[in-house]
Amino acid sequence: TKVLRLVFRSNDRAIFDFAASGVKSVETRANTSKYSNIKAGDECQLVCGNKKVTFIIKKVKKFKSIVALFRVYPIKKVMPWVKTVKEAEAVYYSFPGYKEKIAEVGLVAFELTK
């Protein structure tokens with residue numbers, strides 16, 4: 001199995017905490033080539049500063065858009081702190097270059113389990 005290492009910026013600590021606690025069970029990234037070989041059964045290591053937590057990837061799904069993602073996953077599993085797709089879009093677009101990346105390559109979602 002491969003190990004996917006997802007690093008959270010220190011100012012995204014709250015997002016890391018939601019994921020580490022299991023409240024946020026779906027981790028998403030822009031669907032760049034970096035993630036093309038990741039599959040169910042691989043390990044996913046979430047890292048933020050000196051904190052680290054490891055999950056197993058249960059499922060990998062790809063989406064062309066944020067709207068398509070939320071047709072499949074409830075917002076609460078992806079971003080427990082937001083209520084609407086509009087708010088979720090604002091979060092995605094707050095990451096450097098993400099608006100363009102998502103438009104170009106879409107999103108990849110990792111369902112995580114302990």
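The values are calculated or read from the model by the stated rules, or taken from the named source; none is laboratory data. What you are looking at is a predicted structure, and each value in this text was computed from that prediction instead of being measured. Glycine also receives a Cβ, built like all others from the backbone with ideal geometry; neighbour counts cover every protein chain displayed. What goes into the accessible areas is simple: the full protein's heavy atoms, side chains included, and nothing from ligands, DNA or RNA. Shrake-Rupley method; radii C 1.70, N 1.55, O 1.52, S 1.80 Å.
Restricting attention to segment 92-114, the residues that are open to solvent by 30 Å² or more (accessible area, probe 1.4 Å) and β-branched (Val, Ile, Thr) total 2. Count of segment 1-13 residues, restricted to those that are assigned to a helix (DSSP H, G or I) and surrounded by 12 or more Cβ atoms within 10 Å (Cβ to Cβ), is 2.
State which residue is surrounded by the fewest Cβ atoms within 10 Å (Cβ to Cβ) when the search covers only segment 24-37 and only residues that are under 13 Å from the mean Cα position of the chain (by Cα) and part of a loop (DSSP other than H, G, I, E, B). The qualifying residue surrounded by the fewest Cβ atoms within 10 Å (Cβ to Cβ) is 32. Which pairs do you get when a residue that is farther than 23 Å from residue 68 by Cα, found in segment 1-29, comes within reach of a residue that is open to solvent by less than 70 Å² (accessible area, probe 1.4 Å) and assigned to a helix (DSSP H, G or I), reach meaning Cβ atoms under 7 angstrom, with the pair 6+ apart or on two chains? Pairs that qualify, where the first residue is farther than 23 Å from residue 68 by Cα and the partner is open to solvent by less than 70 Å² (accessible area, probe 1.4 Å) and assigned to a helix (DSSP H, G or I), are 8/15; 8/16. Sub-6 Å Cβ pairs linking a first residue in segment 47-76 that is touching a residue at least 24 places away in the same chain (Cβ under 8 Å) and assigned to a loop (DSSP other than H, G, I, E, B) to a second residue that is aliphatic (A, V, I, L, M) and open to solvent by less than 70 Å² (accessible area, probe 1.4 Å), at least 6 apart or interchain, are 73/26, ordered by first then second residue.
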